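Working notes for the structure below.
Since every read-out is calculated from the coordinates, none of them should be taken as a lab result. Note that the structure is a prediction, hence the values are computed from the model and not measured. In this analysis, Cβ positions are derived from the backbone assuming ideal geometry, glycine residues included, and neighbour counts consider all displayed protein chains.
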Amino acid sequence: MRYGFDRRTVLKLAGAGAFTLASGLRAGPAFADPRGDDTLAASVLGALPHLHPWDYSNHDFGALPILTYSNLIYTAPDGTLHPEVAVEMPEVTENGTVYTFKLRDDVRFHSGKPLVAADVVYSFELYLDQGRRRGDFRAFMQGVEAIDDHTVRVTLSRPWAGWMMYLTKYMGLLPEGTDHDAIYDTIVGSGPYKVTHFEPDVVIELEANEDYYLGAPPQKKIRLVRIADASTQLAALQTGQVDIIGTCPPKDFEPTIAQEGFTGAAIPGAGIFYAPFNRQTAPFDNVHLRRAVACAIDRDFICNGAYYGLVTPSTIPAAPNEYWYDEALAAEFAYDPDKARFHLREAGMPNGFSFTATVPVPSAYVEAQEAAIIMQANLAAVGIEMRIRQMDFTSMYNSAQAGDFECFPHPSMQPSIEDYLLAQSYMCIAGKQYMAQPCSESYDEALTQAYVSFDPDERAPHLRAALAHLVEDCTSVWIGRLNTYHIWREGIENFEPSYMYAMDLRRTTAS
Amino acid sequence: MDLRLYLLQRLLALGLILVGGSMVIFVILRFMPGDPVVAMLGPDYDQAVAAEMRERMGLDLPLLTQYGIWVGDALTGDLGRSHFLKRDVTELLAARFPTTLMLAVSSLLVALAIAIPAGIIAAKQKGRALDHVSRLVALAGVSMPNFWLGLLLIMVFAVNLRWLPAGGFVSPMVDPLATLAHLVLPAITLGTAYAATITRMLRASMVDVLQRDYILVARAMGLQERRIVWHDAARNALIPTVTVAGFAFGYMLAGTIIVEVIFNIPGVGRLLYESILTRDYPVVQGIVLFNVAIFVIVNFAVDLIYTMLDPRIRY
């Protein structure tokens, strides 16, 4: 008598095993992603390298500090400022340099320690000493002092209301005495969520802070997942592994939200697609050549054809829906090949000229090469030859700092367009002129007036005056504003894309 | 040769290869365009802050000094600290390598499961339709880019059929069945290309073996054809195939970058990809050095497997 398995028995067992396994695998998404019903899963394209609230350069990461830290003021998804740890918006002196914040008395850190003025002062001092954007802060912040336990005074060296836009994006209030290096691994904030699990650059799991001073958040658990590929991110949404995605390939946005079970939205955010000229060297030291290029570009085709409507076309830095947009100024550089030819004649180059455009590879947010190729074709139609020089993005930034470029078409995400880009690139007193941009006193004057107040009505005329300078000098080809866009599944409530780009999930719920 | 002497030789070779590899990767990274400080600070970085960071990260030191410090630390098991993830490279490798190993092993199993029967059947049916089909499929497998096949599989099996997850990874300690489900599509993606290579290798060597005299003798003695093919011929034909499979496994361990990115698997490949983009020198150097060591060790293991397959081989 023989014992053991013959070949047929082995094959039968293998077949049965495979069938059992296949039956299990068919369970699908719920099986694929073992998370509870009370978890909202959102994925981001950018890295989630650590837990530090301000030491990051990718804007997706901002979703984490929004959930875990508090600030004096926060920026709502629509771009408006609201008090957070402050009881109300600050009192500002007439010259716009002294801000006095009254603090709430019911704010507690996750550790249970009450948040007082000394913590605010310590957080700012630590930031000025070690923060990633400390150079920017040092340039305008003269001092931060505690008047009493619940009053803080911030003194600026010059008016700049836009500094408060920084807070949601680049700050976070810490308990006094916190070790800077410790906050890479631990959350010590006072925000609506606490971190329960963290795998660097893979996943961050959070649970609601029931003692949150603005009321316990409606969603009990949130899971932030890092998915580095846009197509995979979309597939994860379609299979139910995540509920909200940060971005997707632009061509897939409209078809996906047209499908049953999905919703999406896009708004012009604090990002911009533009091509600064190096005005310090030929050929773009000639304003007519700059204008010729600006008038020859078909922005509608770039934004709607190449980027499927996810870049909002605009010939000036302001988006058409914004309070400081100026239609007359925008008309100056509307697509008009005849006007481009006129400027070529004015420049004494009726047959055109050549220049090199430096294009980042790969680009963030949208691929710059696609716009560059269309620009090349538009310019060729009026006799201008645009050569494309592709460059790694970090080398490109070094070239931009060194002024080693002629024209630099690229997408860029900013903390704010009117409060950051306009100041940092073009002001004499604040700017880094990192795009080799010369500055002018009258431009500085207009912006300084705008920065005295954070009231849009008071700011608008001064911002338009500054815009007039940018248009007159034709500093850049402004292509359009990058839209913040998201897709989410049915059942997600209270979610909208944010002006600041990073997801704001504080009020969002999943059912 | 004495096995101990052979082992000593291989260890010496491993040391030399690691030294060479460390120099090459160090020099290539430093001469590659890009700047880790700019990658961390962003486009409109402050020059003074950038200078402070370069000094803190030791990037302002002469290259030779930087290399000396890195190698000195590496000899004590310290591969440095990630600029970007703020963690020790060894800790990152320890966390990520098991995932990559699981992916590579599954991919190798997929490759062998396809290649062994396909190669043997193709050789046995040499010149007939089945042989042509197998060679055509092998050619298609070699030619098909990983990223395309991966996306296609996600589209069909995850998005449309909903049979399998689109990506991600679940630890077997949490849910072994979920681990398996998450590995199926990436393993097929990675395994298919190598299956094609192994199939072609095995077919060629089987064709050669099936023409040998001892196979003729076996047939003349009236042995069953199945036994001749699967037992007598296949065993000998597998020796060169093991070399190819060994290389393939080494490549799978070191070359999972695209598959890990597409399937969002948090392994060493994805870590390497991110670290190259952010110019995270310590991590890239550490991973490359680790991969060199793995490759040498896998090939050494292949040499040892030879002796098991063919007792005539001695070292």
> What's the exposure ranking of A:L344, B:L109, going from fewest to most Cβ atoms within 10 Å?
Replying inline: B:L109, A:L344
>> If I take R0 = 56 Å and measure r between the Cβ atoms of A:E490 and B:L12 in this structure, what FRET efficiency does the formula 1/(1 + (r/R0)^6) give, to the nearest 0.05?
In response: 0.30
>> What whole-number distance in Å separates the alpha-carbon centres of the range B:137-165 and the range B:1-48?
In response: 34
>> Over chain B, with a Gaussian network built from C-alpha contacts below 10 Å, which listed residue (B:Y67, B:Y281, B:Y45) shows the highest mean-square fluctuation?
In response: B:Y45
> With the Cα gyration tensor of the range A:371-445 giving a ≥ b ≥ c as the square roots of its eigenvalues, does the rule (a/c under 1.5 for rounded; else a/b larger than b/c for prolate; else oblate) give rounded, prolate or oblate?
Replying inline: prolate
>> Cut-off under 27 Å on the C-alpha distance; same-chain residues fewer than 8 positions from B:K126 excluded. Which lysines are left, in chain and number order?
In response: none
> How large is the charge dipole for the range B:94-262, taken about the Cα centre, if only the Cβ atoms of Lys, Arg (+1) and Asp, Glu (-1) carry charge, to the nearest 20 debye?
Replying inline: 420
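Among all helices in chain A defined by DSSP H, which have a length of 24 Å or more along the axis from Cα atoms plus a Kyte-Doolittle mean of at least -1.0? If you can, show how the numbers build up before the last one.
Values: long enough: A:7-25 (27 Å, 0.69); A:456-473 (25 Å, -0.54).
Helices meeting the criterion: A:7-25, A:456-473.
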> In nm, to one decimal, how far is the modelled label at B:A220 from the one at B:R30, with both set 7 Å along Cα→Cβ?
Replying inline: 6.8
> Using alpha carbon coordinates only, what is the Rg to Rh ratio of the protein assembly as shown, with Rh defined as the Kirkwood radius?
Replying inline: 1.03
> Under the rule that a partner needs its Cβ under 4.7 Å from the first Cβ, which Cys of chain A have none?
Replying inline: A:C248, A:C295, A:C303, A:C407, A:C474
>> Can you give me the Rg/Rh ratio for the range A:351-498, using Cα atoms for both radii and the Kirkwood formula for Rh?
In response: 1.02
>> As I understand it, the dipole of the protein assembly as shown uses +1 on the Cβ of Lys and Arg and -1 on the Cβ of Asp and Glu, about the Cα centre. Which of B:A122, A:Q369, B:P98 lies farthest toward its positive end?
In response: B:A122
> Under a straight-distance cross-link criterion of Cα-Cα below 26 Å, which lysines are reachable from B:K124, leaving out those fewer than 8 residues away in the same chain?
Replying inline: A:K12
> Going by alpha carbons, how many degrees (0 to 90, nearest 10) lie between the helix axis of B:234-254 and the longest principal axis of chain B?
Replying inline: 20
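Compute the semi-axes of the equivalent ellipsoid of the range A:117-166, taking the square root of 5 times each eigenvalue of the Cα gyration tensor, and list them largest first in whole Å.
Values: eigenvalues 63, 36, 15 Å².
They are 18, 13, 9 Å, listed from largest to smallest.
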>> Using all alpha carbons of the range B:206-300, what is the percent of pairwise distances in each 10 Å bin, ordered from the shortest bin to the longest?
In response: 15, 29, 18, 15, 14, 7, 1
>> Can you compute the modelled spin-label distance between A:D179 and A:E91, with each label point 7 Å from Cα toward Cβ, in nm?
In response: 4.1
> With springs only between Cα atoms under 10 Å, which of B:P282, B:P33, B:P165 fluctuates most in a Gaussian network model of chain B?
Replying inline: B:P33
> Expressed as a rounded percentage, what relative contact order does chain B have, with Cα pairs under 8 Å and six or more residues apart?
Replying inline: 26
> How big is the charge dipole of the protein assembly as shown about its Cα centre, in debye rounded to the nearest 20, if each Lys and Arg gets +1 on its Cβ and each Asp and Glu gets -1 on its Cβ?
Replying inline: 5120
> How many nm is it between the label spots at A:F342 and A:H82, if each spot is 7 Å from the Cα in line with the beta carbon?
Replying inline: 4.7
> According to the square roots a ≥ b ≥ c of the eigenvalues of the Cα gyration tensor, what is the shape class of the range B:178-241, taking rounded for a/c under 1.5, prolate for a/b larger than b/c otherwise, and oblate for the remainder?
Replying inline: prolate
> Mind checking which of B:S134, B:S171, B:S82 has the largest fluctuation in a GNM of chain B, springs on alpha carbons under 10 Å?
Replying inline: B:S171
> Listed here are the pairs A:K102/A:K220; A:K113/A:K194; A:K194/A:K220; A:K169/A:K194; which of them are more than 22 Å apart at the Cα?
Replying inline: A:K102/A:K220
>> Compute for chain B: radius of gyration divided by Kirkwood radius, i.e. Rg/Rh, restricted to C-alpha atoms, rounded to two decimals.
In response: 1.06
>> From zero outward in steps of 5 Å, how is the percent of C-alpha pairs of the range A:432-511 spread across the bins?
In response: 3, 12, 14, 14, 14, 13, 9, 9, 7, 4, 1, 0
> Three principal axis extents, largest first, for the C-alpha atoms of the range B:94-262, in Å?
Replying inline: 56, 33, 25
> Helix B:281-309 versus the longest principal axis of chain B: what is the Cα-based angle in degrees, 0 to 90, to the nearest 10?
Replying inline: 20
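Count neighbours as other Cβ atoms within 10 Å of each site's Cβ, and list the trypsin sites (Lys or Arg not before Pro) in the range A:119-216 that are DSSP loop with at most 10 such neighbours.
Working: sites: A:R132, A:R133, A:R134, A:R138, A:R153, A:K169, A:K194; in loops: A:R132, A:R133.
Within the range A:119-216, no trypsin sites (Lys or Arg not before Pro) qualify (loop, at most 10 other Cβ atoms within 10 Å).
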>> With n ≥ 4 as the cut-off for DSSP H runs, can you work out [θ] at 222 nm for the protein assembly as shown, using -39500 (n - 2.57) per run divided by the number of residues, rounded to the nearest 500?
In response: -15000 deg cm²/dmol
> Nearest 0.05, what FRET efficiency do B:A129 and B:D213 give at R0 = 30 Å with Cβ-Cβ as r?
Replying inline: 0.55
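About the Cα centre, and with charges only on the beta carbon of Lys, Arg (+1) and Asp, Glu (-1), how big is the dipole of the range A:193-255? Nearest 20 debye, please.
On the way: 6 positive and 10 negative charges, 10 e Å.
Approximately 40 debye in magnitude.
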